[in-house]
Amino acid sequence: MKRRTSLMMGTQALWSASVLPWALVGCSAPREPAQVALNAWVGYALLHLATELDYLSAQEARLQEFPSNTASMMALVNGRVPAAALTLDELLQVREGGVDARAILVFDASHGADVVMGHPSVTSLAQLRGRRIGVEDTALGALMLARLLESAGLKAVDVVKVPMTADQHVAAYERGEVNAVITFEPMASRLRDLDAKVLLDSTSLPGLIVDVLAVRADVLPILRDAWCHLLQAYFRAFDHWRGQPEVAARLMAPHQQLTVEQVMQAFQGIAMSDLAQNHVWLAGDHPRLHASAQLVGRLMHEARLLDRMPDLTSLCEPVFLPEVA
């Protein structure tokens with residue numbers, strides 16, 4: 001099934017559903033906690049850190065782990081959750097699919113953490129000709145694959161694309177089902193343990209791979225207190241991580257299934273966005289996220305990943321950000 005078809009089906013199911021968790025909130029009834037879908041990407045890990053530090057109250061918001069961003073995206077579209085941690089390109093796909101979702105937080109911009117990793121026998125990108133490449137069937141995967149082919153001087157027909165979700169990358173490589181994988185942390189660290197080598201990373205895609213917290217517009221006012229609490233907890237965890245990175249890494253390591261050293265290394269490939277940078281990303285007359293979305297949208301449209309240039313109206317929702325001290 002094509003992604004656009006699945007998105008539209010999810011939207012229809014959403015509007016036809018008679019009962020949704022946030023629709024049960026009445027004037028006197030206790031409000032359900034806001035559910036946030038996310039996967040194991042290290043850039044989202046500060047949300048788990050906020051939970052570990054008891055900054056994030058389970059009465060206000062709860063994190064739901066999904067195996068991939070694709071699964072998180074579909075949970076948002078199908079109405080299973082009101083919020084999801086997604087890449088910017090996925091947010092644009094959700095919006096084209098008919099769901100008015102908006103960015104209330106920018107987690108990070110990838111700067112080397114998204115990688116193409118290959119078997120040690122592959123010593124150059126050109127040697128991927130005829131090889132099997134595992135890649136998640138997302139816009140991010142397509143953008144990384146396009147940059148790989150361009151850098152290698154290859155065409156799409158010169159490689160064998162093997163679609164798979166992020167949670168399948170390590171096992172597929174270990175079984176020899178693929179010669180290379182387009183992946184990210186924490187899978188990249190696990191692949192390094194299997195002697196896989198980095199062939200290309202996201203430093204060649206500046207400003208294109210941005211992670212955001214996307215929330216459905218219809219629940220923004222209903223769960224307003226939850227979003228304010230969530231962002232306050234997140235930035236408290238951010239300050240803890242920035243001030244005590246090794247202590248924070250020790251708390252995040254079990255969830256990431258990495259060592260403390262691997263967690264700290266994983267963050268080196270990410271440009272995390274603090275509170276002041278989030279105001280630049282999301283607020284003002286010319287939010288930075290709009291500029292990135294215009295570039296990403298144009299590339300996706302040219303690659304036929306979007307049917308049209310995206311409508312960026314109300315893409316950013318900065319009202320839940322804490323004030324900058």
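Entry remark, region 125-153: residues being without any contact (Cβ under 8 Å) to a residue 40 or more places away in the chain and either surrounded by fewer than 16 Cβ atoms within 10 Å (Cβ to Cβ) or under 16 Å from ALA303 (Cβ atoms) (or both) number 7 in total. In the set (1) part of a strand (DSSP E or B); (2) at pLDDT below 95, the condition left unmet by THR203 is number (1). The residues of region 113-171 that are polar (S, T, N, Q) and out of contact with any helix residue (DSSP H, G or I) (no Cβ under 9 Å at 6 or more places or on another chain), listed by number, are THR123, GLN168. Has region 8-17 got any residue that is open to solvent by 30 Å² or more (accessible area, probe 1.4 Å), closer than 30 Å to PRO254 by Cα and at pLDDT below 90? No; the residues of region 8-17 include none that is open to solvent by 30 Å² or more (accessible area, probe 1.4 Å), closer than 30 Å to PRO254 by Cα and at pLDDT below 90. If you filter region 99-136 down to residues that are part of a strand (DSSP E or B) and basic (Lys, Arg), you find that the one that is nearest to ALA180 (Cα to Cα) is ARG132. Which count do you get for residues in region 172-200 that are in contact with a helix residue (DSSP H, G or I) (Cβ under 8 Å, 6 or more places away or on another chain), part of a loop (DSSP other than H, G, I, E, B) and either of a type in the set (A, V, I, L, M) or modelled with pLDDT of 95 or more (or both)? Adding up the residues that qualify gives 4. Evaluation of VAL247 against the conditions (1) touching a residue at least 24 places away in the same chain (Cβ under 8 Å); (2) part of a helix (DSSP H, G or I); (3) of a type in the set (Val, Ile, Thr); (4) in contact with a helix residue (DSSP H, G or I) (Cβ under 9 Å, 6 or more places away or on another chain) shows that the sole unmet condition is (1).
Here's the yes/no breakdown for (1) under 21 Å from ALA188 (Cβ atoms); (2) β-branched (Val, Ile, Thr); (3) buried (at least 18 other Cβ atoms within 10 Å of the Cβ); (4) at pLDDT below 95:
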residue	(1), (2), (3), (4)
LEU213	no, no, yes, no
ARG236	no, no, no, no
ARG242	no, no, no, no
VAL247	no, yes, no, no
MET252	yes, no, yes, no
PHE267	yes, no, yes, yes
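For region 296-318, the candidate set comprises residues that are among the aliphatic types (A, V, I, L, M) and either within 16 Å of ASP211 (Cβ to Cβ) or without any contact (Cβ under 8 Å) to a residue 24 or more places away in the chain (or both); within that set, the residue that is surrounded by the fewest Cβ atoms within 10 Å (Cβ to Cβ) is MET309. Surrounded by fewer than 17 Cβ atoms within 10 Å (Cβ to Cβ) and at pLDDT 95 or above: does that describe GLN277? Yes; evaluated as a whole, the condition is true for this residue. Of the set (1) assigned to a helix (DSSP H, G or I); (2) in contact (Cβ under 8 Å) with a residue 24 or more places away in the chain; (3) over 15 Å from HIS119 (Cβ atoms), all apply to LYS161 but (1).
The values are calculated or read from the model by the stated rules, or taken from the named source; none is laboratory data. Computed from a prediction, not measured in an experiment: that's the story for all the values here. When we count neighbours, we look across all protein chains shown, and the Cβ atoms used for this are built from the backbone with ideal geometry, even at glycine. When the accessible area is computed, the model is the full protein with side chains, heavy atoms only, and any ligands, DNA or RNA have been set aside. Shrake-Rupley method; radii C 1.70, N 1.55, O 1.52, S 1.80 Å.
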